[in-house]
1. Of Lys434/Lys461; Lys364/Lys602; Lys330/Lys364; Lys234/Lys362; Lys270/Lys299; Lys506/Lys529, which sit over 26 Å apart, Cα to Cα?
2. Within 10 Å, count the other beta carbons around each residue, average over each peptide in 181-192, 287-298, and list them highest first.
3. Using R₀ = 30 Å, calculate the FRET efficiency as 1/(1 + (r/R₀)^6) where r is the Cβ-Cβ separation of Arg125 and Ala452; round to 0.05.
4. So what are the three principal axis dimensions of the stretch 277-340 from its Cα atoms, in whole Å, longest to shortest?
5. With contacts defined as alpha carbon pairs under 8 Å and 6 or more residues apart, what's the relative contact order of the stretch 343-399 in percent?
6. Compute the Rg/Rh shape ratio of the stretch 510-574: radius of gyration over Kirkwood radius, all on alpha-carbon atoms.
7. Can you give me the three principal axis dimensions of the stretch 358-403 from its C-alpha atoms, in Å, biggest first?
8. So for the pair Arg230, Gln532, with labels modelled 7 Å out along Cα→Cβ, what separation do we get in nm?
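Bear in mind that the values in this text are calculations on the coordinates, not laboratory data. Values in this document were obtained by computation on a predicted structure and should not be read as measured data. Don't worry about glycine lacking a Cβ; one is built from the backbone with ideal geometry, like all the others, and counts go over all protein chains shown.
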Amino acid sequence: MANLAHPGHQHALIQQEISENCRVACSMCVLCFSGIPSADKAPLASPTLTLTHPHTRQTLYDDYNCGDCSFSLAANFAIATLSTPQDEQQEEKEDVIEHISHEHPLTSFHVNVPNWFMCRGCWLRISGRVYGCRRCLFLLHESCARAPRTNPRHPFHPQHPLTLVFDCGKGFHCQACDTERHNYLAYYCHECRVHLDMACASAISFPSHPSPEREHEAEGPTMIQHFSHRHPLKFMHLSTVGTDIRCQVCELNISGELYCCPECIFFVHKLCADELPQEIAHYLHAEHPLTYQGECQYKSGGFRCNCCLREYIGKASFHCERCHFDLDPKCAMQTHSAFQGGIATKIQAFSYLPTMTLSYFKPKKNLIYLCVVCMQPITTECLTYRLPDTMVLHMSCAQQPLELEHPFHPQHQLKFLPRSTSAQHFYCSACHVKSEGSAFHCAECEFLLDLACASLKPTLKHHRHEHSLAYFQRSPYKYPRGNACRRSSRIDVYCCLPCNFNLHHKCLALPPIIEHERHPYHPLVLFDKFVQGDPNDQYCDFCEEIRNPDHGVYRCDECWYTTHIDCIISRSEEEGNTSEQIEDPRLTKLNEEIAGLEEMIKVVETNLEALTENMEALNVRGERILKREHKKSL
């Protein structure tokens, strides 16, 4: 494979395939990617590095600069907005428009490469044809630049015409997605002071202009009266691109079929409206049924959900009038569905934990909740077991077995080691990451497996190894050497921990046919396995050692020449890449420095823990002294 000499880096670059599971950030455009980008999607490999400027031409690496007028342009922006020769052939004359969002004229051109630039009208990712001012790094989607200046009857607000405006920093509140926006294009009603940001205003696809002729195009009634809202609801259809409009029942982003109230700009999925019960019997309040109320039943206008414990203002709820008990619709439906599916509503997962109740967890801003078993943060909405404001437990952690046979430690059975308040941290024997949670433990071998690694299973069966391999985005070893390529790399690797066998993703593929000097007569063909005669008496014709009959081989059928895969592949690579096998002394020194820093970090962590314990002890002593002095003063 040919190397790429790129002016953005001092060394030659080699194309390397990575798996879909491993994401890497490009050092030039800062975008993350996985796998090898195809040629038509990765024109940054060899960009044009000289820009034409009215006063000068100059070649640079990270930025394009003009020395005469101090003009500077980031390389990734310059490459993304340059016209390709094909564009120049297709466009003899560029289209130029004046727009309310920018003081300079905007020119049309194509953006054909991956980038992180945002449209300054809707703040969504730029791609395809755009209108922009290269001087100010200002870009608009073609649809945003060409949006009509007025919308006489928008389906979300048909009462009055809407006018296209551009916010210059003061900000506005979009009534559709209930979000504060700054520096956005928007449609505005001067009479009602209603704003719709560009993404929400352009999301509607049917009926874009309500008329009697189009009423028959929707399946079912176009207007319904639903108990969830006091006004009639109109059937509509939304696209999914860029909108943050949410359903008032399930709180998920709206897309597809929905019902909308144009008077209140209220949205609900058609499916939610069809399946939402008006009354439910819920295990969190078994005394009385809960009734759906589209408006808050309290004078304050808000309520506290008795499931997720969050405060809500102006939101619907499942409500008990007698007990003043409320659940927000999402918590009520998620937990009710889980209960109907047979999930236990109360559980004592382990003897050292109290009985906990099935709940729907919603993270709170600036608060971090840790699972009491694995000690990992819970950052997304999910079903959990919990005690109010104190303990939260993953559903998966609640179902951990007390004993486990795991392929990472096949010698002995692992026993569940619960975390207690006095437990110290440990380092997982698989990933070597520090953990303070529960673990699976082999006392005889002092083997500890954290719960994250316990959930990993070897899933890849490969010709080059007798056991299945488990995938790690980062290798569990500090300086792993691939058993195929003999090179060190910590990312995107498959491992067999008991055998210390490592195989990089790029080394997975084996050539189906290979020619080798030890058998110059015919090509060798890859076989999953080959057995002739006694399975315990199979030999490799290359190294003349016994081979495993269940392993893959390279074989010549005509000559009955059969070899280990490693005897052919590894030696071919070593002969063809002798220069690559030489250890780089700079890399060795760097690895030694990294190892020294890691040891220093461990020492600092240990000292910090000791100082923390001393500080806590001093605080306790200080409190005791203050109490004694207080008693004496009395």
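1. In this structure, Lys434/Lys461; Lys364/Lys602; Lys234/Lys362; Lys270/Lys299 lie more than 26 Å apart at Cα.
2. 181-192, 287-298
3. 0.40
4. Extents along the principal axes, in whole Å: 33, 21, 18.
5. Here the relative contact order equals 31 percent.
6. 0.93
7. 37, 19, 17
8. 8.9 nm
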